[in-house]
Amino acid sequence: MEKLQALYERFEIHLGGLGIIAAALLAGLIAKFLIFKLLNLYNRFENPYLLTSLTQRLSRPLSFFIPLLFLSIALPSLPYQPDTLYFLRRLIEILDIIAFAWILIKLTDVARDMVRHKYAIQKEDNIRERRLITQLQFMRKLVVVIIIFIATALILLSFEPVQKLGTGLLTSAGVAGVVIGFAAQTSIANLLAGLQLAFTQPIRLDDVLVVEGEFGRVEEITLTYVVLKLWDNRRLVLPLNYFIQKPFQNWTRTSSDILATVYLYTDYTLPLEPVRKEFNRILASTDLWDKRVSVLQVTDSKERTMELRALMSAHSSGVAWDLRCHVREGLIDYIQKNYPDALPKTRSAFVGQNLPPLGELS
């Protein structure tokens, strides 16, 4: 009978503790719901961008953190043994560290949202915006790695065996650092290259590059590599230190506008002035040209052909590519229809004593 009484009392204790835990968690969820309900109502009428971003980004981590906070407050009132309370306290501390790290990571997303809202990258001349967003993206990824590293270290150091192990490892930290440094030379080089790229910025997000003979835009910059979206939607992935060690073309380094060129090779019999008028007419008839530069010149004279260079300007590299194709097609069509004899040809000369007179060759 005494055993049954003791078992019943123990069951009551556990049931009461579970009730307190459930009530604390429920109170936390209700508090989170009320807070975000009020914020959503405020956003519906005022729509401040910061509060909107905070409610969207922090909803899930706070659904985890606020109930833990209420449970921490209710922990001393639990009718458990000291060993059980100690275990619960350590477990809640670990979960609090995870939740707090999650909140900090989401706050970096809020900061990114605010920068993207203030500095729109969609406009054509977006050099300043892309510079800031490139730096922000790299620094955000670095901060996220640091937050995860510190949170993991705090969780591990909360265990006494790990603390003792860490004290012993401090004596060999110098040797371990040298070994790790040699083993991770490539990763460290890429990380340092990433820091250099973020602040010196030879490339930025959405820059137009010509790398390894490929034309494309910078789609993503990570802590270790750069993703280049090529013109045919392929992706070229390059390590960060590539852009420190090797040459490449950046068509949007200082501005988004660019000069487009078209080269034509014709016979010397082609009259230049009609072709120049046709070139100006083609430019005036298209919206691709930004009306800044329009030049048609003979840039070279070779043994059998002369080289014509058509130079024109456009707002961006993508528009310049389309303008280049449009002008090339228009000029070739004009020469074919009006001066077909001026297309490149090969001349031959007959030299000999027994050749008939020139008039009899026909």
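The values are calculated or read from the model by the stated rules, or taken from the named source; none is laboratory data. Everything quoted here is computed from the prediction, not taken from an experiment. As a convention, Cβ positions derive from the backbone with ideal geometry for all residues, glycine included, and neighbour counts pool all protein chains shown. Protein only, heavy atoms only, side chains kept; ligands, DNA and RNA dropped before computing areas. Shrake-Rupley method; radii C 1.70, N 1.55, O 1.52, S 1.80 Å.
Identify, by number, the condition in (1) open to solvent by less than 60 Å² (accessible area, probe 1.4 Å); (2) assigned to a loop (DSSP other than H, G, I, E, B); (3) farther than 14 Å from residue 319 by Cβ that residue 289 doesn't meet.
(3)
Being open to solvent by 50 Å² or more (accessible area, probe 1.4 Å) and touching a residue at least 60 places away in the same chain (Cβ under 8 Å) is the filter; apply it to the range 61-100 and report the residue that is farthest from residue 157 (Cα to Cα).
Only one residue fits best here, namely 79.
For the range 252-270, which residues satisfy the criterion of being surrounded by fewer than 18 Cβ atoms within 10 Å (Cβ to Cβ) and in a loop (DSSP other than H, G, I, E, B)?
Selection gives 253, 254, 255, 267, 268, 269.
Go over the candidates 301, 313 one by one and state the one that is open to solvent by 70 Å² or more (accessible area, probe 1.4 Å) and of a type in the set (S, T, N, Q).
Just a single option satisfies the conditions, and that option is 301.
If I go through the range 271-286 residue by residue, how many of them are surrounded by fewer than 19 Cβ atoms within 10 Å (Cβ to Cβ) and more than 36 Å from the chain's Cα centre (by Cα)? Even if it seems obvious, please write down each step before you answer.
Looking only at the range 271-286, we keep the residues that are surrounded by fewer than 19 Cβ atoms within 10 Å (Cβ to Cβ), and these are 271-274, 276-278, 280-281, 284-286.
Next, only the ones that are more than 36 Å from the chain's Cα centre (by Cα) stay: 271-274, 276-278, 280-281, 284-285.
Looking only at that region, the number is 11.
Can you say whether residue 361 is modelled with pLDDT under 90 and farther than 30 Å from residue 209 by Cα, as far as the supplied structure shows?
So residue 361 fits the description; yes.
Restricting to the range 328-343, name every residue that is of a type in the set (Gly, Ala, Ser) and over 18 Å from residue 268 (Cβ atoms).
330
Just checking, which of 75, 41, 18 is at pLDDT below 70 and over 21 Å from residue 110 (Cβ atoms)?
Numbers: 75 fails: at pLDDT below 70; 41 fails: over 21 Å from residue 110 (Cβ atoms).
The unique qualifying residue is 18.
Mind checking which residues of the range 218-246 are outside any loop (DSSP other than H, G, I, E, B), open to solvent by 20 Å² or more (accessible area, probe 1.4 Å) and in contact (Cβ under 8 Å) with a residue 40 or more places away in the chain?
Within the range 218-246, 239, 244 meet the criteria.
Can residue 58 be described as over 25 Å from the mean Cα position of the chain (by Cα), modelled with pLDDT of 80 or more, within 23 Å of residue 30 (Cα to Cα) and open to solvent by less than 50 Å² (accessible area, probe 1.4 Å)? Don't jump to the end; show me each part of the working.
On the way: over 25 Å from the mean Cα position of the chain (by Cα): no; modelled with pLDDT of 80 or more: yes; within 23 Å of residue 30 (Cα to Cα): yes; open to solvent by less than 50 Å² (accessible area, probe 1.4 Å): yes.
Here the answer is no, as residue 58 does not meet what is asked.
What is the one condition in (1) open to solvent by less than 80 Å² (accessible area, probe 1.4 Å); (2) β-branched (Val, Ile, Thr); (3) at pLDDT below 80 that residue 30 does not satisfy?
Just one mismatch for residue 30, condition (1).
Restricting the search to the range 136-146, which residues are touching a Ser or Thr at 6+ places or on another chain (Cβ under 8 Å) and among the β-branched types (Val, Ile, Thr)?
143, 144, listed by residue number.
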